[in-house]
Amino acid sequence: MNERDIVSEKGAPGGPDPRALLGARFVVAAAALDQLPPPGPPEVAFAGRSNAGKSSAINVLAGRRRLAFASRTPGRTQQIVIFELPSGARIADLPGYGYAAVPKAIKEDWQRVLGAYVATRPTLVGLVLVVDARHGLKPLDATLLDGFLPSGRPVLLLATKSDKLSRGDRKTSVAAIRRELERRYGPQARNVTTVVFSASDRMGLAEADRVLADWLGMA
């Protein structure tokens with residue numbers, strides 16, 4: 001591991017509440033890039049495979065129970081959902097990808113849309129990649145990073161559902177993710193901060209919030 005890793009081994013039920021995403025409100029659900037609000041304020045995007053825990057991560061970071069919704073049929077919701085913060089900054093909840101029950105043509109189409117969004121959205125200041133700690137980095141996660149990391153912008157990788165692993169397995173999981181990042185991206189992997197995370201146990205919540213606050217100029 002390196003200085004970009006933040007490994008929290010316990011939750012923080014008595015710790016400070018998150019602040020970076022407080023006050024987020026729904027703006028629009030866009031089914032295509034041309035339906036998004038015009039570029040303007042800084043934007044942070046949340047991405048991840050279906051069932052990786054992305055909606056839960058957004059909700060706990062925003063201090064809300066049901067700000068972001070997980071589809072009852074994972075992978076079926078094909079929209080980019082935009083939330084606005086009191087500062088004017090925006091959060092983009094990207095549709096989950098990789099769910100096997102979604103027809104191949106739909107998956108490929110949305111992979112292209114998401115790739116175009118992360119590679120070309122001019123006001124996107126950082127990407128939060130949600131990865132199930134039990135399964136590690138998958139090919140579609142890497143494909144998304146392929147289009148984003150060359151820009152030099154930062155990535156916050158949340159190794160979610162870490163409460164389901166033992167302390168030793170958490171460290172093993174993060175180490176495996178870091179090895180894969182460094183193997184695939186070399187020096188660009190330094191732009192990825194990895195946080196052991198659990199929405200249910202609030203594990204890594206304060207650490208993730210500090211990163212987001214820094215990106216959005218709140219630090």
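The values are calculated or read from the model by the stated rules, or taken from the named source; none is laboratory data. Treat the numbers as computed from the prediction; the structure is a model and nothing was measured. Quick reminder, even Gly has a Cβ in these numbers, built from the backbone with ideal geometry, and neighbours come from all protein chains shown.
Would it be correct to say that residue 144 is within 18 Å of residue 124 (Cα to Cα) and among the aliphatic types (A, V, I, L, M)?
In short, yes.
With touching a Ser or Thr at 6+ places or on another chain (Cβ under 7 Å) and of a type outside the set (Val, Ile, Thr) as the only criterion, which of 129, 156, 149, 140 stands out?
After applying the criteria, what remains is 156.
Has the stretch 104-124 got any residue that is buried (at least 17 other Cβ atoms within 10 Å of the Cβ) and among the hydroxyl-bearing types (Ser, Thr, Tyr)?
Taking every residue of the stretch 104-124 in turn, at least one turns out to be buried (at least 17 other Cβ atoms within 10 Å of the Cβ) and among the hydroxyl-bearing types (Ser, Thr, Tyr).
Looking at residue 57, is it at pLDDT 65 or above and in a helix (DSSP H, G or I)?
So residue 57 passes the test.
Among the strands (runs of 3 or more DSSP E) contained in the stretch 88-180, which hold 1 or more residues that are within 14 Å of residue 192 (Cα to Cα)?
Strands (runs of 3 or more DSSP E) meeting the threshold: 124-132, 155-160.
Does any residue in the stretch 103-119 that is at negative phi come within less than 6 Å, Cβ to Cβ, of a residue that is at pLDDT below 80 and surrounded by 12 or more Cβ atoms within 10 Å (Cβ to Cβ) six or more places away or on a different chain, and which pairs are these?
That search, which allows pairs on different chains as well, returns 110/78.
Return the residues of the stretch 121-171 that are touching a Pro at 6+ places or on another chain (Cβ under 9 Å) and under 23 Å from residue 210 (Cβ atoms); say none if nothing qualifies.
Those that are touching a Pro at 6+ places or on another chain (Cβ under 9 Å) and under 23 Å from residue 210 (Cβ atoms): 123, 124, 125, 126, 127.
Cβ contacts < 8 Å: first residue within 13 Å of residue 78 (Cα to Cα), restricted to the stretch 29-41; second residue part of a loop (DSSP other than H, G, I, E, B) and modelled with pLDDT of 90 or more, any location; separation 6+ or different chain. Result?
30/36
Give just the number: which of (1) touching an Asp or Glu at 6+ places or on another chain (Cβ under 6 Å); (2) more than 24 Å from residue 82 (Cα to Cα); (3) surrounded by 18 or more Cβ atoms within 10 Å (Cβ to Cβ) does residue 163 not satisfy?
Unmet condition: (3).
Of everything in the stretch 199-213 that's in a loop (DSSP other than H, G, I, E, B) and either at negative phi or among the aromatic types (Phe, Trp, Tyr) (or both), which residue is surrounded by the fewest Cβ atoms within 10 Å (Cβ to Cβ)?
Checked the stretch 199-213; the qualifying residue surrounded by the fewest Cβ atoms within 10 Å (Cβ to Cβ) is 200.
Quick check on my filter: what residues within the stretch 60-86 are surrounded by fewer than 20 Cβ atoms within 10 Å (Cβ to Cβ), part of a loop (DSSP other than H, G, I, E, B) and either in contact with a strand residue (DSSP E or B) (Cβ under 7 Å, 6 or more places away or on another chain) or at pLDDT 85 or above (or both)?
If the condition is that a residue be surrounded by fewer than 20 Cβ atoms within 10 Å (Cβ to Cβ), part of a loop (DSSP other than H, G, I, E, B) and either in contact with a strand residue (DSSP E or B) (Cβ under 7 Å, 6 or more places away or on another chain) or at pLDDT 85 or above (or both), then 63, 79, 86 are the ones that fit.
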